[in-house]
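Engineer: What follows is a single structure, and I will ask about it in a moment.
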Amino acid sequence: MPDERLVDSKATFAQFGHILDARILRALADLGFARPTLVQTKAIPLALENRDILARARTGSGKTAAYCIPLVQKVLNAKSSPSSSESPLQATRALVLVPTRELSEQVTSHLRSIIKYCDKDVNICNVCSGTNNHLQRTVLSDKPDIVIATPSKTLALLQSKSLSLAHLETLVIDEADLILSYGHDDDVRQIFGGGHLPKVFQTFLMSATMTEDVETLKGLALRSPVILKLEEDED
Ligand code: ADP
Ligand code: MG
């Protein structure tokens, strides 16, 4: 449960009823999320307006749901109006990059709880879980809507052509302040520079602190981003 100072006491998830699917709202209610946190109130509508976002908010402020909720909604939107998009019905539309396998598991479990009532329409895959490469490749042939991975795993799967990001719509880099220092620097650069990504896609950088690494990623990944800085007084 986030610190109550991080919760947006003036907001409710119901106020997003016009942009969020009722199945997501039901799942959030089951999670006991009565009110959005400040970062969620700000990020969710901007994310659904397709803006690039750099969100800096302290640990425990609910950044995971701030990006997972719009990711799920975007998949539902893409599938409900396939004719408006050139994408095939089934393609990997979102990639969540995390620095560690442990975090990939936490994010996956958070996403599973959010898609609880719409898991027929949204399939997700944590490619860091399990050690069976064959299984991972089989799953990837299903082109999961949302893939959760470390940069090294992502790059390996891209290079072996097990994963295609040709139809990527949204890229998230979680713990952006840590991801480069976890030894993923080269991998991240190769993911961006290796011709694996489409020309246009949306990116979110989520971070607890603003560091040089976050600035580097901002230059590498973001286009005209909205910068959300919460608790500026803490610096
Ligand atoms: P961060 O990534 O910013 O460090 P998390 O996304 O891990 O924070 O969230 C911290 C905790 O707060 C988690 O246990 C999460 O389930 C919970 N949480 C997130 N959003 C809400 C909310 N709107 N209401 C209640 N609890 C929430
Ligand atoms: Mg986090």
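Engineer: Full-extension gain between THR12 and SER160, please, as 0.36 nm times their residue separation minus the C-alpha to C-alpha distance. Intermediate results must be reported in sequence, preceding the final value.
Structural biologist: Values: separation 148, 0.36 × 148 = 53.28 nm, distance 4.43 nm.
Net length gain for the segment: 48.8 nm.
Engineer: Given 0.36 nm per residue, what is the gain on full extension from GLN90 to ASP30 after removing their alpha carbon distance, in nm?
Structural biologist: Numbers: separation 60, 0.36 × 60 = 21.60 nm, distance 2.81 nm.
Going from the current span to full extension adds 18.8 nm.
Engineer: A further question on this structure: How large is the direction-averaged shadow of the alpha-carbon convex hull of region 139-235, in nm²? Kindly include the intermediate steps, with their values, before the conclusion.
Structural biologist: Working: hull surface 26.7 nm².
Computing the convex hull of the Cα atoms and averaging its projections yields 6.7 nm².
Engineer: Ok, one more. Provide, for q = 0.17, 0.22, 0.34 Å⁻¹, the log10 of I(q)/I(0) from a solvent-free Debye sum over equal Cα point scatterers in region 84-128.
Structural biologist: -0.57, -0.84, -1.26
Engineer: Moving to a separate point now. Per 0.36 nm of contour for each residue apart, how much would the distance between TYR182 and VAL200 grow if the chain were fully extended, relative to their Cα-Cα spacing?
Structural biologist: Using 0.36 nm per residue and subtracting the Cα-Cα distance, I get 3.8 nm.
Engineer: Kindly work out what percent of the DSSP beta bridges joining two residues of the chain are antiparallel, to the nearest 5.
Structural biologist: So the antiparallel bridges in the chain amount to around 5 percent.
Engineer: How many angstrom lie between the Cα centre of region 169-235 and the Cα centre of region 2-64?
Structural biologist: What the calculation gives is 20 Å, centre to centre.
Engineer: A further question on this structure: What ratio of Cα Rg to 2.2 N^0.38 Å holds for region 1-111? Display every interim value, and only then the final one.
Structural biologist: Values: Rg = 14.4 Å, N = 111, 2.2 N^0.38 = 13.2 Å.
With N residues counted in region 1-111, Rg over 2.2 N^0.38 Å equals 1.09.
Engineer: Right, next: Hey, what D do you get for region 35-76 in µm²/s if you plug the Kirkwood alpha-carbon radius into Stokes-Einstein at 4 °C and 1.567 mPa s? List each step's numbers first, then the result.
Structural biologist: Working: Rh = 10.3 Å.
Result for D is 126 µm²/s.
Engineer: Right, next: For the chain, what is the relative contact order in percent, using Cα pairs closer than 8 Å and at least 6 residues apart in sequence? Walk me through the numbers before you get to the answer.
Structural biologist: On the way: 388 pairs, mean separation 62.0, N = 235.
Relative contact order of the chain: 26 percent.
Engineer: Please express the Cα-Cα pair-distance distribution P(r) of the chain as a list of whole percents, one per 10 Å bin, running from 0 to the bin with the greatest distance.
Structural biologist: 8, 34, 39, 17, 2
Engineer: Which value at 222 nm does the chain reach when only helices count, each DSSP H run of 4 or more adding -39,500 (n - 2.57), with the total divided by all residues and rounded to the nearest 500 deg cm²/dmol?
Structural biologist: Values: 9 runs with 93 residues, N = 235.
Taken over the chain, the calculation gives -11500 deg cm²/dmol.
Engineer: Mean-square fluctuation check for the chain, GNM, Cα pairs under 10 Å: which of GLN15, GLN106, GLN202 is largest?
Structural biologist: Taking springs between Cα atoms under 10 Å, the residue moving most is GLN15.
Engineer: Ignoring solvent entirely, what values of log10 I(q)/I(0) come out of the Debye formula for region 55-112 at 0.12 Å⁻¹ when each Cα is a single scatterer?
Structural biologist: Each listed q corresponds, in turn, to -0.37.
Engineer: Give the shape of region 174-220 as rounded, prolate or oblate, defined through the alpha-carbon gyration tensor: a ≥ b ≥ c are the square roots of its eigenvalues, a/c under 1.5 means rounded, and otherwise the shape is prolate if a/b is larger than b/c and oblate if not. Before the final figure, lay out the partial values.
Structural biologist: Details: a/c = 2.30, a/b = 1.44, b/c = 1.60.
Here region 174-220 falls in the oblate category.
Engineer: Order by neighbour count: ILE19, ILE44, ILE148, ILE227, fewest other Cβ atoms within 10 Å first, most last. Please report the intermediate quantities before stating the final value.
Structural biologist: Values: ILE19 16, ILE44 23, ILE148 29, ILE227 13.
Ranking ILE19, ILE44, ILE148, ILE227 by Cβ neighbours within 10 Å, fewest first, gives ILE227, ILE19, ILE44, ILE148.
No value in this document is a laboratory result; all are computed from the given coordinates. Everything quoted here is computed from the prediction, not taken from an experiment. Don't worry about glycine lacking a Cβ; one is built from the backbone with ideal geometry, like all the others, and counts go over all protein chains shown.
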